[in-house]
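The values are calculated or read from the model by the stated rules, or taken from the named source; none is laboratory data. Quantities reported herein were computed from a predicted structural model and do not represent experimental measurements. All Cβ positions, even for glycine, are placed from backbone atoms using ideal geometry, and neighbour counts span all protein chains on display. To get the accessible areas, we keep the full protein, side chains included, count just its heavy atoms, and leave off ligands, DNA and RNA. Shrake-Rupley method; radii C 1.70, N 1.55, O 1.52, S 1.80 Å.
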Amino acid sequence: MMDPTTDNAENSGSSDSARSSLESLRTEISKAVVGQDPAVTGLVVALLCRGHVLLEGVPGVAKTLLVRALAASLELDTKRVQFTPDLMPSDVTGSLIYDARTTEFSFQPGPVFTNLLLADEINRTPPKTQSSLLEAMEERQVTVDGTPRPLPEPFLVAATQNPVEYEGTYPLPEAQLDRFLLKLTVPLPSRQDEINVLTRHADGFNPRDLHAAGIRPVAGPADLEAARTAVAKTSVSPEITAYVVDICRATRESPSLTLGASPRGATALLSTARAWAWLTGRDYVIPDDVKALALPTLRHRVQLRPEAEMEGVTADSVINAILAHVPVPR
């Protein structure tokens, strides 16, 4: 008969090992990307929650490099798609190809059949092509000619977009935005971080050669699976569940918003808070975990009223005001 004490110890050791491996991702990615720790943490949280990430920032702040460095630090297959106005859905999902030798059609998988898909400048492609990702993101499968084809596991879409350039872009529809677990802003670096970036380039750093930068795989599918199992066991009290619901309901009642967070948004906030609690070494969620993930989880799920936007109100400021007013459980 198996000793449950031994079994628990093995599970704990596996969980601690997985946490250590995922924490080392930050160190490994920092060999290529300077000063973007919140974005790195957000990507790890998304991996733990089986979610997708939208990275928003002006050109030149290392959004693409960040995802490439994450892929190089993980033993996962990765592919990159540059989204352009002439990109077709089949260029993403794949298509049936006629083989003259066998006189039969065979399926040629598209780049979406990978573990980590980098969708670069996703808002530069028309809605028809953007929608081709919806089934992949939500159902983790692609249907071609009536046949569903499952995607590899794990599967994560990391999409980038430029928030200030509007010519030649197509805003993501609300249905697609809601499929992203997190929206991470990638800000301009501080003065010291920018000096560090230039110093690295002066010393010969080549962002196109991450292997030469010393980035090596430090975690893999087994670590992710062990981590996800541990996150699923992270306990959530009824008070914390009610706190998450109260925050999301407050967004629906805010006079500055025309659209608040849906129940899917509440579920996402609970999931990300559990992942963050586990990453910080706890097996239970506290209110600070919810607060820490509220902005990246909810900012893309709410919609400002035009008059509020004209007054300089932002989604982040509305959510911060809600966090300041919703009673915190004791």
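Looking across segment 81-127, the residues that are under 29 Å from G60 (Cβ atoms) and either surrounded by fewer than 18 Cβ atoms within 10 Å (Cβ to Cβ) or free of Cβ contacts under 8 Å to residues at least 40 places away in the same chain (or both) come down to V81, Q82, T84, P85, D86, M88, D91, G110, P111, V112, P126, P127.
A158 passes every criterion in (1) out of contact with any Gly (no Cβ under 9 Å at 6 or more places or on another chain); (2) assigned to a loop (DSSP other than H, G, I, E, B); (3) modelled with pLDDT of 90 or more apart from (2).
Against the condition open to solvent by 20 Å² or more (accessible area, probe 1.4 Å) and more than 25 Å from D37 (Cβ to Cβ), how does S317 come out, does it pass? Criteria not met by S317. When you look at P171, is it in a loop (DSSP other than H, G, I, E, B), closer than 19 Å to A72 by Cβ and open to solvent by 40 Å² or more (accessible area, probe 1.4 Å), yes or no? Taking the combined requirement at face value, the residue does not satisfy it. Those helices (runs of 4 or more DSSP H) of segment 218-330 in which 1 or more residues are modelled with pLDDT under 95 and among the polar types (S, T, N, Q) occupy 221-232. The number of residues in segment 243-260 that are within 30 Å of E23 (Cα to Cα) and touching a residue at least 40 places away in the same chain (Cβ under 8 Å) comes to 4.
The set of residues from segment 289-312 being hydrophobic (A, V, I, L, M, F, W, C), in contact (Cβ under 8 Å) with a residue 24 or more places away in the chain and under 24 Å from A39 (Cβ atoms) comprises V290, L293, A294, L295, L298, V302, L304. Of a type outside the set (S, T, N, Q) and either crowded, with 21+ Cβ neighbours inside 10 Å or closer than 25 Å to A32 by Cα (or both): is that true of A62 in this structure? The answer is yes for A62. Looking only at segment 104-134, residues that are under 23 Å from L224 (Cβ atoms) and in a strand (DSSP E or B) come to 5 in all. Take F180 and tell me if it is part of a loop (DSSP other than H, G, I, E, B), open to solvent by less than 40 Å² (accessible area, probe 1.4 Å) and touching a strand residue (DSSP E or B) at 6+ places or on another chain (Cβ under 9 Å). Answer is yes for this residue.
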